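As structure tokens, the structure follows; a few thoughts come after it.
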């Protein structure tokens, strides 16, 4: 699919939205509210406060990875699409920034989001801290610090980071120690710049909630650090594990599938995810990160609508 075809599909979606809005407006006009009815509405008691108040929906650019990689969409178009779907947030994954970008490019992304009334909820980097002290690990630390600088330029308050995967024949505890040291190397710098780092449960040494939280414990309490909770990445007892990690969440990425007891992918119980977050009084961004097989241009708006109803 080329960029013109993609734009055509997005335009068709826009026309549908306009047509639906026009029909809704016509129906409201036919109803013809009387002055007395309007008065009744004014005096009606306020609705009870939503338990999801201050949870805000976003969409991770990784959800459109194929189109972004092939050049059928860029991050500016992605921001526009988030706005068209009525999302308050947009998560701009680092993998899809244009090659050789400068601060002006970052400022333009920031301006695009501002003009569309969309907040940049965060970004995400791919890093590996499961490395012994030396030039390779120094390079990974420098990469994360560089993205902290970038995040400041386009006003991303949060960066999703990884711990990494232990090399063969390296004991888990050794790899955890390396990852902890790498995270600690970045945290004070993140705090100086005002950017939160969220450690994702992204397989490797964070595949099990026990190890994921052990890393967080070893890092220690830090105001600019927490868990980037990915709802699709725990593979044993996903909902139980998510409930264990949820209290430490600084950002949430929702997948539409989880693993069952046999390790097969099954649809996520989105209401259960919402309830887990309510239980721990989570406040912050909830970003859909779509990875299922269905065409994302078709599936994502449907899932966004479901999430909007659940998190209303």
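The values are calculated or read from the model by the stated rules, or taken from the named source; none is laboratory data. This structure is a prediction, so every number in the text was calculated from the model and none was measured. Cβ: placed from backbone, ideal geometry, glycine included. Neighbour counts: every protein chain shown.
Conditions (1) more than 30 Å from residue 101 (Cβ to Cβ); (2) within 18 Å of the chain's Cα centre (by Cα), marked per residue:
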{"site": "134", "(1), (2)": "no, no"}
{"site": "156", "(1), (2)": "no, yes"}
{"site": "167", "(1), (2)": "yes, no"}
{"site": "183", "(1), (2)": "no, no"}
{"site": "203", "(1), (2)": "no, yes"}
{"site": "212", "(1), (2)": "yes, no"}
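Among the residues that make up region 108-117, is at least one of them under 19 Å from the mean Cα position of the chain (by Cα) and assigned to a loop (DSSP other than H, G, I, E, B)? Looking through region 108-117, at least one residue is under 19 Å from the mean Cα position of the chain (by Cα) and assigned to a loop (DSSP other than H, G, I, E, B).
Within region 182-207, the set of residues being farther than 22 Å from residue 151 by Cβ and part of a helix (DSSP H, G or I) comprises 204, 205. For region 208-221, the criterion of being surrounded by 16 or more Cβ atoms within 10 Å (Cβ to Cβ), closer than 30 Å to residue 67 by Cα and modelled with pLDDT of 95 or more is satisfied by no residue at all.
When residue 226 is tested against (1) crowded, with 19+ Cβ neighbours inside 10 Å; (2) out of contact with any helix residue (DSSP H, G or I) (no Cβ under 6 Å at 6 or more places or on another chain); (3) not in a helix (DSSP H, G or I), just one condition goes unmet, and that condition is (2).
Might you let me know whether region 302-312 holds any residue that is at pLDDT below 95, more than 22 Å from residue 245 (Cβ to Cβ) and more than 16 Å from the chain's Cα centre (by Cα)? Checked region 302-312: at least one residue is at pLDDT below 95, more than 22 Å from residue 245 (Cβ to Cβ) and more than 16 Å from the chain's Cα centre (by Cα). Here is the figure for region 154-177: residues that are touching a residue at least 24 places away in the same chain (Cβ under 8 Å), in a helix (DSSP H, G or I) and surrounded by fewer than 23 Cβ atoms within 10 Å (Cβ to Cβ) total 3. Counting residues in region 250-257 that are within 16 Å of residue 282 (Cβ to Cβ) and in contact with a helix residue (DSSP H, G or I) (Cβ under 8 Å, 6 or more places away or on another chain) gives one or more. Considering region 249-291, the qualifying strands (runs of 3 or more DSSP E), each wholly inside and each with 3 or more residues that are more than 15 Å from residue 227 (Cβ to Cβ), run over 257-259, 265-267. For residue 246, the test of being touching a helix residue (DSSP H, G or I) at 6+ places or on another chain (Cβ under 9 Å), farther than 26 Å from residue 302 by Cα, touching a residue at least 24 places away in the same chain (Cβ under 8 Å) and part of a helix (DSSP H, G or I) is failed.
On the basis of being free of Cβ contacts under 8 Å to residues at least 40 places away in the same chain, in a helix (DSSP H, G or I) and touching a helix residue (DSSP H, G or I) at 6+ places or on another chain (Cβ under 8 Å), does residue 210 make the cut? No: the conditions fail for residue 210. Counting only residues that are within 22 Å of residue 201 (Cβ to Cβ) and surrounded by 20 or more Cβ atoms within 10 Å (Cβ to Cβ), region 275-310 holds 12 of them.
Within region 88-105, the presence of at least one residue that is farther than 22 Å from residue 147 by Cβ and modelled with pLDDT of 50 or more is confirmed.
For residue 251, the test of being surrounded by 20 or more Cβ atoms within 10 Å (Cβ to Cβ) and closer than 19 Å to residue 202 by Cα is passed.
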